[in-house]
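Mind having a look at this structure? Questions to follow.
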2 protein chains.
Amino acid sequence: MKRIAFLLFAVAMVAGIVVTAAPTSGPDNEEVAAPIYGITIPSGYRDWRLISVAHEEGKLNDLRAVLGNDVAIKAYRDGKLPFPDGTIIARLAWSYVPSEENNKVFGRAQSFVPGPQPDWYLQFMVKDSKKYAATGGWGFAQFDKDGKPADEAMHKTCFPCHEPAKARDFSSPVTHLRAFSI
Amino acid sequence: MKRIAFLLFAVAMVAGIVVTAAPTSGPDNEEVAAPIYGITIPSGYRDWRLISVAHEEGKLNDLRAVLGNDVAIKAYRDGKLPFPDGTIIARLAWSYVPSEENNKVFGRAQSFVPGPQPDWYLQFMVKDSKKYAATGGWGFAQFDKDGKPADEAMHKTCFPCHEPAKARDFSSPVTHLRAFSI
């Protein structure tokens, strides 16, 4: 949907025709870099392979999937740390909503599925051990569902949360690797 | 891990050397067809793209990811039903366990991540409108983490649960398509 709109816009631009006024949100924001680390949304991230899933209760109340680019997936499967430069790990989050339809089938209230994307929909960790040496070799970024980056204050909170995981190159616990057995 | 073992075994077989005794479980089971519908585990399923995620409470108590082969992903993105023949949808499930490490970082008990794979780890829906005409065009299969198919009694329960979704070609509710916005 947005992706098709972006493609049409891009084609129109190449053809010298501006189909709409320069957008202030939407596809244009895919080029807007997030603060501090300067990361833009990597193209094709939605097609990356699955590393793991999780559910966060509390204030977050979301369902999340962790995807990785090819460098990331290879590193996880090789079981080798640290992650090589070029690793990108994406975390997608949706709100956590009951599925009435599934509950009817299961015969009880038990099923929770993705709802609307929250403000923290999309996060990335990008490995560049030179560029991001001050933060363990990782750059961080957060975007909402329209591709709009979160503010600088938000981006200051990324590394402190990851720092306790220093021994695992600031990444997810090994248990998530179960997501790869067979 | 198992995949590497399988590859080594395959290479050894080609070379005329049997590295181990013919296994009674593990890689060999990837060729064992599940009952009723006769489905074997499609190769490369773990590398398929993400359709959606979910959490089931109750007896299941699992975290799940739904992956699709290229035909499936295209059909979801085109928004067209019915799914074409050749569509395969995979459902992977892990037990639902708290993450102590994440809880420390978040400062409260809130984080749940994949644990060991349950018996119902791996399920597939395969679209073949001729072969599976009696069950809405879909064949169903369930395997455990070692690739061992579930029994016939289990496989009799698949279609009755999917039947209420007939209007959507027996598949997930539209809300899961949110997993595809941008």
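The values are calculated or read from the model by the stated rules, or taken from the named source; none is laboratory data. Predicted model, so just to flag it, every value in this text is computed and none were measured. We place every Cβ from the backbone using ideal geometry, glycine too, and count neighbours over all the protein chains shown.
Among the residues of the stretch B:107-122, which ones are surrounded by 21 or more Cβ atoms within 10 Å (Cβ to Cβ) and closer than 23 Å to B:A72 by Cβ?
B:P114, B:Y121, B:L122
What do you reckon, is A:I36 modelled with pLDDT of 95 or more and either within 15 Å of A:A90 (Cα to Cα) or in a strand (DSSP E or B) (or both)?
No.
A further question follows. In the stretch B:49-66, what count of residues is obtained for those that are at the interface with chain A (Cβ under 8 Å from one of its Cβ atoms), touching a strand residue (DSSP E or B) at 6+ places or on another chain (Cβ under 7 Å) and not small (G, A, S)?
Total satisfying the criteria: 7.
Let me ask something additional. Given the condition modelled with pLDDT under 90 and of a type in the set (D, E, K, R), answer yes or no: does some residue in the stretch B:107-115 qualify?
Yes: the stretch B:107-115 contains one or more residues that are modelled with pLDDT under 90 and of a type in the set (D, E, K, R).
For the stretch A:132-166, name all the residues that are part of a loop (DSSP other than H, G, I, E, B), away from every other protein chain (no Cβ under 12 Å), touching a residue at least 60 places away in the same chain (Cβ under 8 Å) and surrounded by 13 or more Cβ atoms within 10 Å (Cβ to Cβ).
A:Y132, A:A150
Just to be sure, is B:A90 touching a helix residue (DSSP H, G or I) at 6+ places or on another chain (Cβ under 8 Å) and small (G, A, S)?
Answer is yes for this residue.
OK, next. Any residue at all in the stretch B:6-16 that's more than 24 Å from A:P98 (Cα to Cα), at pLDDT below 85, within 12 Å of chain A (Cβ to nearest Cβ) and surrounded by 15 or more Cβ atoms within 10 Å (Cβ to Cβ)?
Within the stretch B:6-16, one or more residues are more than 24 Å from A:P98 (Cα to Cα), at pLDDT below 85, within 12 Å of chain A (Cβ to nearest Cβ) and surrounded by 15 or more Cβ atoms within 10 Å (Cβ to Cβ).
Quick test for you: out of B:K104, B:K80, pick the one residue that is surrounded by fewer than 17 Cβ atoms within 10 Å (Cβ to Cβ), modelled with pLDDT under 90 and more than 13 Å from chain A (Cβ to nearest Cβ).
From the options B:K104, B:K80, the qualifying one is B:K80.
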